[in-house]
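To start, the structure under review is shown below, and the notes come after it.
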Amino acid sequence: MKSQEMTSMQRTLTALGHQEPDRVPLFLLFSLTGAKFANTSIEDYFTAPERVAKAQLDMQARYQHDSLYGFFYASAELEAFGGGTLFFLDGPPNADAPPIRTAQDIARLSVPEPEEVPVLQRILQALRLMKAEVAERMPIIGVAISPFSLPVMQLGFERYFNLMLEDPTHFDKLIAVNEAFCVKWSNAQLAAGATAICYFDPISSSTIVTREQYLQTGYQIAKRTIAQINGPTATHMASGKCLPVLADIASTGTAVVGVSSQEDMTALKAIARGKVSLLGNLNGIEMRRWSAQQATDIVKTAIFKAGAGGGLLLGDNHGEIPWQVPDKVLMAISEAAHEWGVYPLKSD
């Protein structure tokens, strides 16, 4: 017998409580794709919070997924530290040259105020507009780059890893500033209407650091930071692997972990069951080339491997649907999730 349909918020909270809702929640995390719905360039799209909020609502209406996404682009936070953003016609905005180049730059660093950064103010306004439309019916996801991962944009990979290994004094100073900013920025988004914060932390993924390195750095930073965020968090590895540290991530206080398409959902669920929920693990890059049947089969597999008992939010593995994914594939994902994600799950 089919269970009574829930709101997106009820569905998500039930799944996060490790119980089975009416169906598996579908989280299609759209950012720049909204420019297509607004019929404008990616750069112009992010200049108007009203445009972003409307596109989020329009995309949700079309694909019938269970969340709205307040994320603009990762380098928005870099702009708070004096950095810039490079825009492209058909891809995500990217960070311009790192604004921090010397140890002296770090020594002089202070915590930015979100209300003094134009792009962050636009994000907050978009969140307010979305909240006014959906109230408590649907989760609204805000985003903060982790204090451990933000330095890749602030300094560049090589300079950051050299700092981490060779200059603990300035590493600690940079992390302290980033922690304070992450908390301030996360809580500003929650106050503006975000339901939860996606804590992007790709440098903590097992693709980049060992478990020993993670426990000494990203893990400690996450525990301190997440404890100060005034709402639930979802830790996201942005396509990076996490199986070796999944139990450790769960103990940071986060409610959800975004997992990689390169790892098996059965193995992930065995560790996560009852401890932390999983978000994923549809491959956004491969998604560009899927047929409708492939989309259906892959959605079914993810649900069958990790959906039992709740604790699964179905979504892409990176935290951003690529610009090139065609509408027919997104529709196929949505239709498959609505057909095969209904509890009790079908065996085939």
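Computed quantities for the displayed model
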quantity: Meets criteria (open to solvent by less than 20 Å² (accessible area, probe 1.4 Å) and either at positive phi or within 18 Å of the chain's Cα centre (by Cα) (or both)) for residue 231; calculated: no
quantity: Selection count where residues are more than 11 Å from residue 336 (Cα to Cα), more than 19 Å from the chain's Cα centre (by Cα) and among the hydrophobic types (A, V, I, L, M, F, W, C), scope segment 283-305; calculated: 2
quantity: Tabulated pairs, segment 140-161, first in a strand (DSSP E or B), second surrounded by 24 or more Cβ atoms within 10 Å (Cβ to Cβ) and basic (Lys, Arg), C-beta under 8 angstrom, 6+ apart or interchain; calculated: none
quantity: Hey, residue 295 more than 26 Å from residue 217 (Cα to Cα) and in contact with a helix residue (DSSP H, G or I) (Cβ under 6 Å, 6 or more places away or on another chain) or not; calculated: yes
quantity: Spans of helices (runs of 4 or more DSSP H) in segment 28-90 with at least 2 residues touching a Lys or Arg at 6+ places or on another chain (Cβ under 9 Å); calculated: 34-38, 42-45, 49-63
quantity: Options 80, 38, 48, 53: the member that is touching a residue at least 12 places away in the same chain (Cβ under 8 Å) and closer than 26 Å to residue 156 by Cα; calculated: 80
quantity: Top-ranked residue of segment 61-74 - restricted to ones that are surrounded by 21 or more Cβ atoms within 10 Å (Cβ to Cβ) and of a type outside the set (Phe, Trp, Tyr), ranked as farthest from residue 336 (Cα to Cα); calculated: 74
quantity: Meets criteria (within 18 Å of the chain's Cα centre (by Cα), more than 26 Å from residue 224 (Cβ to Cβ), buried (at least 19 other Cβ atoms within 10 Å of the Cβ) and at pLDDT 95 or above) for residue 124; calculated: no
quantity: Residue 267 vs. criteria at pLDDT 95 or above, of a type in the set (A, V, I, L, M), part of a loop (DSSP other than H, G, I, E, B) and farther than 26 Å from residue 161 by Cβ; calculated: no
quantity: Qualifying helices (runs of 4 or more DSSP H) (wholly inside segment 278-342; at least 1 residues being of a type in the set (Ser, Thr, Tyr) and touching a strand residue (DSSP E or B) at 6+ places or on another chain (Cβ under 9 Å)); calculated: 327-340
quantity: Residue selected from segment 272-319 under the condition surrounded by fewer than 18 Cβ atoms within 10 Å (Cβ to Cβ) and aliphatic (A, V, I, L, M), by the criterion nearest to residue 333 (Cα to Cα); calculated: 292
quantity: Selection status of residue 184, open to solvent by less than 70 Å² (accessible area, probe 1.4 Å) and among the charged types (D, E, K, R); calculated: no
quantity: Residue among 186, 204, 146 that alone is touching a helix residue (DSSP H, G or I) at 6+ places or on another chain (Cβ under 6 Å) and polar (S, T, N, Q); calculated: 204
quantity: Residue list for segment 211-228, filter: open to solvent by 10 Å² or more (accessible area, probe 1.4 Å) and either touching a Ser or Thr at 6+ places or on another chain (Cβ under 8 Å) or in contact (Cβ under 8 Å) with a residue 24 or more places away in the chain (or both); calculated: 211, 215, 217, 219, 223, 224, 226, 227, 228
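The values are calculated or read from the model by the stated rules, or taken from the named source; none is laboratory data. No experiment lies behind these values; they were computed from the predicted model shown. Heads up, the Cβs are rebuilt from the backbone with ideal geometry, glycines too, and the neighbour counts pull from every protein chain shown. The accessibility values were calculated without ligands, DNA or RNA, using every heavy atom of the protein model including side chains. Shrake-Rupley method; radii C 1.70, N 1.55, O 1.52, S 1.80 Å.
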